Structure formats: C-alpha cells, structure tokens
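A short worksheet on the structure shown next.
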Amino acid sequence: EIYSTGKISLPNNLFIIGTMNSSDQGVFPLDTAFKRRFAFEYISIDFDSHQDKPEFSTPKITIEKEKFTWGEFAKTANELMLESSIVSEDRLFGPYFLSPSELKSENLNKMICEKVLVYVWEDVLRHDDRSIIFSSGLKSFGEIQKKFLRKEPVFSEKFMTQINSERAKRKDRNSQEEN
C-alpha cells in the first residue's frame with residue numbers, strides 16, 4: 001500500500017519515546033533541537049527504589065578493606081560533586097550508570113576502576129578540583145588505578161567519612177527490617 005500510494009500514516013495511539021543524556025559531549029546541538037520540538041520529562045536520580053534488588057544492595061565494592069554497595073558509592077560521589085558547585089547534575093551517577101549485569105560482576109572493583117573512576121578523573125573533574133573525590137596527593141589516573149585495585153587509599157577523607165555514613169544508614173535499615 002505504501003509503495004502504490006507513496007503515503008504513510010501512523011495511528012493516533014503510537015508514541016515514540018526517546019532518551020538522551022545531555023552530558024554526552026556530541027549531542028548538544030541535537031539536544032537543543034529536540035528541546036525546541038518535544039516535551040521533556042525530568043526523571044530524578046533515585047537509588048532508594050532499587051534497594052530491594054541484590055545487584056544494587058549487595059556490598060561488593062572494596063575500599064580500604066571495607067565493602068560498600070554501588071548505591072553507597074554513587075550517592076557519596078554525587079553528594080560531594082554537587083556540594084562542590086562545580087559539577088552539574090547531568091554528570092552525576094544514576095543507578096544504571098553500571099548495568100545490573102555489570103553490578104553482578106565477580107570483580108566489581110575492576111569495573112569501578114575501568115568505568116567509574118576514569119569517568120570522574122578524566123571527564124567530570126578534568127578541569128576542577130579532583131580532591132573532592134580523590135586524595136590530594138594523587139597525580140595521575142594510572143596511580144589511582146594501581147592503588148585502588150590493590151585496595152590502598154585513593155579517596156579523600158571527606159569521601160571516606162561520607163561513604164561510611166551511607167554504609168551505617170544501610171546497616172541501620174537492615175537491622176530494623178530484621179526486627
């Protein structure tokens with residue numbers, strides 16, 4: 001029918017939903033064009049709604065011999081980056097910055113290093129104060145990678161205080177649920 005008439009019609013109940021992350025560097029002109037033509041729905045970052053999923057709630061990230069969840073790690077980094085007022089909201093971590101299959105990885109520290117820490121070092125804090133997240137004595141990502149994978153300290157004192165607070169909240173929630 002399309003071939004013979006040269007026309008195509010779409011039903012009224014067809015909706016096309018597209019997503020985009022405005023922090024991806026090559027999409028700014030496209031992002032602006034879409035904003036002029038379509039309505040946007042803002043979806044906030046929400047780790048709490050994923051607490052019942054094991055891949056989000058199992059402490060598998062080892063930092064200085066302590067274990068943390070992806071949510072604890074990401075929420076801590078997000079809070080510190082926002083607090084600094086130099087990082088925009090679209091550069092923060094959402095629950096699915098690491099996919100559920102990535103979070104199920106046996107060696108989650110390797111994934112954190114290869115995907116998360118390099119993103120923070122090279123993209124988010126490239127031109128800003130990296131001591132928001134990392135120890136101030138670290139001068140290269142190579143140094144961070146070696147130390148992190150050996151479970152040596154790489155994070156700032158403020159980061160460690162904050163992530164330990166997040167872990168304490170999780171333990172309190174878990175003990176309340178058990179009672």
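Report, to the nearest 10°, how far helix 28-37 tilts away from the longest principal axis of the Cα atoms in the chain, using its own Cα long axis and a range of 0 to 90°.
It is inclined by approximately 50 degrees.
For GLU102, GLU64, GLU83, GLU166, give me the order by solvent-accessible area with a 1.4 Å probe, most accessible first, ignoring ligands, DNA and RNA.
Ranked list, largest accessible area first: GLU83, GLU64, GLU102, GLU166.
Would you compute, from DSSP H runs of 4+ residues alone, the mean residue ellipticity of the chain at 222 nm, taking -39500 (n - 2.57) per run and dividing by the full residue count, rounded to the nearest 500?
Dividing the helical sum by the residues of the chain leaves -11000 deg cm²/dmol.
LYS65 to SER44: FRET efficiency via 1/(1 + (r/R0)^6), r the Cβ-Cβ distance, R0 35 Å, to the nearest 0.05?
Taking R0 as 35 Å, the efficiency between LYS65 and SER44 is 0.60.
With every protein chain kept in the model, how would you rank TYR42, TYR119, TYR96 by accessible area, 1.4 Å probe, largest at the top?
So, going from the largest accessible area down, we get TYR42, TYR96, TYR119.
Once neighbouring chains are kept in place and the probe is 1.4 Å, which whole percent of the accessible area of segment 77-147 is contributed by carbon and sulfur?
Answer for segment 77-147: carbon and sulfur cover 48 percent of the accessible area.
Quick one: if you stick a label point 7 Å off each Cα along the C-beta vector at ASP52 and PHE34, how many nm between them?
3.0 nm
Run the simple label-point estimate for LYS151 and PHE15 please: 7 Å along Cα→C-beta, distance reported in nm.
Label-label distance for LYS151 and PHE15, simple model: 4.8 nm.
Largest first, what is the accessible-area ranking of ARG36, ARG150 with a 1.4 Å probe?
Heavy-atom accessible area, descending, gives ARG36, ARG150.
Probe 1.4 Å, all protein chains in place: accessible area of LYS158 in Å², nearest 10?
Accessible area of LYS158: about 110 Å².
Put a dot 7 Å past each Cα toward the Cβ at LYS169 and SER85; how far apart are the dots in nm?
In this crude label model, SER85 to LYS169 measures out at 2.3 nm.
The values are calculated or read from the model by the stated rules, or taken from the named source; none is laboratory data. Computed from a prediction, not measured in an experiment: that's the story for all the values here. As a convention, Cβ positions derive from the backbone with ideal geometry for all residues, glycine included, and neighbour counts pool all protein chains shown. Calculation scope for accessible area: heavy atoms of the full protein, side chains included, ligands and nucleic acids excluded. Shrake-Rupley method; radii C 1.70, N 1.55, O 1.52, S 1.80 Å.
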